[in-house]
Amino acid sequence: MANIVIIGAQWGDEGKGKIVDMLSAQCPFVIRFQGGNNAGHTIRVQGEETILHLIPSGILHRGTTCLIGNGVVLDPLVFLEEADKLAARGIDVSPERLGISKKTHLILPYHKQLDKAREAKRAGRKIGTTGRGIGPCYEDKIARVGIRAGDLTNPALLREKIRHALLEKNTLLRALYKFEALNPETAADELLALAPRLTPYLTDVEARIDEAAARGEDTLFEGAQGVHLDIDHGTYPFVTSSSTVSGNAAAGSGMPPSFFTRIAGVAKAYTTRVGSGPFPTELLDDAGAYLREKGHEYGATTGRARRCGWLDTVVLRASVRLNGFTDIAMTKLDVLQNLPVLRICVAYEFNGERCERIPQEEGALAGVTPIYEEMPGFEDDISGCTGFEQLPDTARAYVRRAEELAGVRISMISVGPDRRQTIMR
Ligand code: GDP
Ligand code: IMO
Ligand code: MG
């Protein structure tokens, strides 16, 4: 039995959705364990594109059950909209195959207001959040004043919790941020109006996974964001508010760490980042613009242009170590086509010395200079290749060098957005 964790190895948008969709053909259970609708996971099947923000990327496979774990923060409106959109396309989103943990925290309107208000006030030091209320919702969870999905079945408790939360939030919103105060009764009424549609999805996620495991069924745990957006191990403070490393697949779903049999990282053949924060291999020249256009590097959630740069194996090695990757899926290799020279960052120069690891002091990563190795590029269109041997020599050499530097096997190579455009090695 395989219990696989999929983790973004860079700063998000590595192509996790594509890889999860592809692997879930063999996995009857797919579980999201962190993040919220700050994520945007794109799947393409025979030209038809699906972008998922909350619903796990296994949903297009009829036989797969998709669960949202306790570690996720869920915006009820976004969940229902997403489910409705899928249903309109004839995809079954009934509670038989889609579930939400009763312990999942809910994003309320005041979380979104606070997210936007704080960003607006951070002139010059904006994080560039997605504005979806992710940080404020996780704050409430940790402060033990959060609203959980299970509270939808207890209107009196839910109302009381919202009143209590807004006492503090309204003071902040009005006095500090000059935003309009929110009426607690309206907020509770709006949420309770959605309860009849949401409560059928409430489930005991751990029990469902236990039962699947007892039947010998495979499970897949879908990470959102990327390792270097992790609240602890990322480029703090330019990070998201959840733990994005593989360890959280356990805590965020209720399974023990010993449950997992494979931890696969997903890494682009180059690097991208959305929002602010250090990015040593960023390209501000024509090569960066080329990657952005050829790779369609515009956010699936906010539409923002993604910053693009060379592959950084210091970043990748840190990801391998932090997550214990058993293997890596390298995506978007096709995008490197026609670049005459490919660069791979092998180490940094920091304070006049060679440095193989990410310096941990806040802001230090902004002060490193990448040390590059150069490799010849390739001109052939590789988007139709189905086997590793079909790739041009130079593309194969690039993959081999990347895996050598990362220290872990590249087991899958993606050469286009479509489900079928994947080479299994
Ligand atoms: P995620 O957040 O990690 O799921 O990634 P996103 O969906 O936000 O961004 C990845 C983008 O790259 C999507 O538009 C995918 O359709 C696309 N994509 C994934 N793999 C490949 C690939 O191998 N080649 C190309 N050209 N596009 C890809
Ligand atoms: P997927 O799952 C890329 C970034 C935001 C911002 C920072 C904090 O599609 O890979 P937040 O709204 O989470 O408080 O924003 O994190 N960010 C992502 N970047 N991919 C994502 O998700 C992201 N989710 C958040 O751009 O810099
Ligand atoms: Mg994305």
Under 5 Å between amide hydrogens, which residues at least 5 positions from residue 371 or on another chain qualify, with H placed 1.01 Å from N in the peptide plane? 346, 347, 348, 349
Quick one: angle between helix 393-406 and the longest Cα principal axis of the chain, in degrees between 0 and 90, rounded to 10, please. 60
Modelled label-to-label distance, residue 176 and residue 78, 7 Å Cα→beta-carbon offset: nm? 2.2
Only helical DSSP H runs with n ≥ 4 go in: add -39500 (n - 2.57) per run for the chain, normalise by residue count and round the 222 nm mean residue ellipticity to 500 deg cm²/dmol. -9000 deg cm²/dmol
Taking θ as phi - 60°, what are the ³J(HN,Hα) couplings along the range 360-367 by the Karplus curve (6.51, -1.76, 1.60), each to the nearest whole Hz, with x for Gly and Pro? 9, 5, 4, x, 5, 4, 5, x
Phi-derived 3J(HN,Hα) across the range 260-276 with the Karplus relation (6.51, -1.76, 1.60, θ = phi - 60°), rounded Hz, x for Gly and Pro, is 7, 10, 8, 10, 9, x, 10, 9, 5, 6, 9, 10, 9, 8, 10, x, 7
Please go through the residue pairs 102/126; 85/169; 16/103 and name each one whose alpha carbons sit more than 28 Å apart in this structure. 102/126; 85/169
R0 = 45 Å: FRET efficiency of residue 285 with residue 88, Cβ-based, nearest 0.05? 0.55
Assuming R0 = 45 Å, what is the FRET efficiency of residue 327 and residue 211, from their Cβ-Cβ distance, to the nearest 0.05? 0.95
Could you compute Rg(Cα) / (2.2 N^0.38 Å) for the range 279-335, with N its residue count? 1.28
Using C-alpha positions alone, give me the convex hull volume of the range 105-198 per residue in cubic angstrom. 89
Assigned charges on the beta-carbon of Lys, Arg, Asp, Glu; the range 119-259 dipole about Cα centre (debye): 780
Taking amide H atoms as placed 1.01 Å from N in the peptide plane, list the residues 5 or more away in sequence, or in a different chain, whose amide H sits under 5 Å from that of residue 35. 73
Relative to the compact-globule estimate 2.2 N^0.38 Å (N residues), the Cα gyration radius of the range 201-264 stands at a ratio of 1.28
For the peptides 105-117, 194-206, what is the packing order when you average, over each peptide's residues, the other Cβ atoms within 10 Å and list the highest mean first? 105-117, 194-206
Expressed as a whole percentage, what fraction of the accessible surface of the chain belongs to carbon and sulfur atoms when a 1.4 Å probe is rolled over the protein heavy atoms? 51
Gained length - residue 409 relative to residue 341, 0.36 nm times residue gap less alpha-carbon distance: 22.1 nm
Charge tally for neighbours of residue 307 with beta carbon under 13 Å away, counting Lys, Arg as +1 and Asp, Glu as -1, is 0
Extension reserve of the residue 305-residue 45 stretch, reckoned as 0.36 nm per residue once the Cα distance is removed: 91.2 nm
Using the charge dipole of the chain (Lys, Arg: +1 at Cβ; Asp, Glu: -1 at Cβ; taken about the Cα centre), state which of 377, 424, 205 has its Cα farthest towards the positive end. 205
If we sort 91-104, 320-333 on the protection proxy, mean other Cβ atoms within 10 Å, highest first, what's the order? 320-333, 91-104
Taking each pair of different alpha-carbon atoms in the range 1-112 once, compute 1/r for the pair, average those values, and report the inverse of that mean as the Kirkwood hydrodynamic radius in Å to one decimal. 14.3
Calculated P(r) tail over 21 Å for the range 82-156, as whole % of Cα pairs: 46
Gain in span if fully extended, residue 189 to residue 154, counting 0.36 nm per residue against the direct Cα distance: 11.3 nm
Just add up the charged neighbours of residue 226: K/R +1, D/E -1, any other residue whose Cβ is under 11 Å from the Cβ of residue 226. 0
Using the alpha-carbon atoms, what tilt in degrees (0 to 90, nearest 10) does helix 205-214 show relative to the longest principal axis of the chain? 60
Placing +1 at every Lys and Arg Cβ and -1 at every Asp and Glu Cβ, with all other atoms neutral, what dipole size does the range 266-424 have around its Cα centre, in debye to the nearest 20? 540
Using the scaling law 2.2 N^0.38 Å as the reference, what is the normalised Cα Rg of the chain? 0.98
If you place +1 on the Cβ of every Lys and Arg, -1 on the Cβ of every Asp and Glu, and leave all else neutral, what size is the dipole of the chain about its Cα centre, to the nearest 20 Debye? 860
Could you report the range 266-424's accessible area per residue, 1.4 Å probe, as an integer in Å²? 43
Using Cα atoms only, what is the angle between the long axis of helix 313-323 and the major principal axis of the chain, expressed in degrees (0 to 90) to the nearest 10? 50
Can you give me the distance in nm between label points at residue 1 and residue 351, each placed 7 Å from the Cα along the Cα-to-Cβ direction? 4.9
Need one number: convex hull volume per residue for the range 266-424, Cα atoms only, in Å³. 119
Per-residue HN-Hα couplings for the range 43-50 [Karplus 6.51, -1.76, 1.60; θ = phi - 60°; Hz; x = Gly/Pro]: 10, 10, 10, 6, x, 8, 9, 10
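The values are calculated or read from the model by the stated rules, or taken from the named source; none is laboratory data. Just so it is clear, the model here is predicted, and its values are computed rather than measured. No Cβ is skipped: glycine too gets one built from the backbone with ideal geometry, and neighbour counts run over all protein chains shown. Quick note on the areas: whole protein, heavy atoms, side chains included, nothing else; ligands and nucleic acids left out. Shrake-Rupley method; radii C 1.70, N 1.55, O 1.52, S 1.80 Å.
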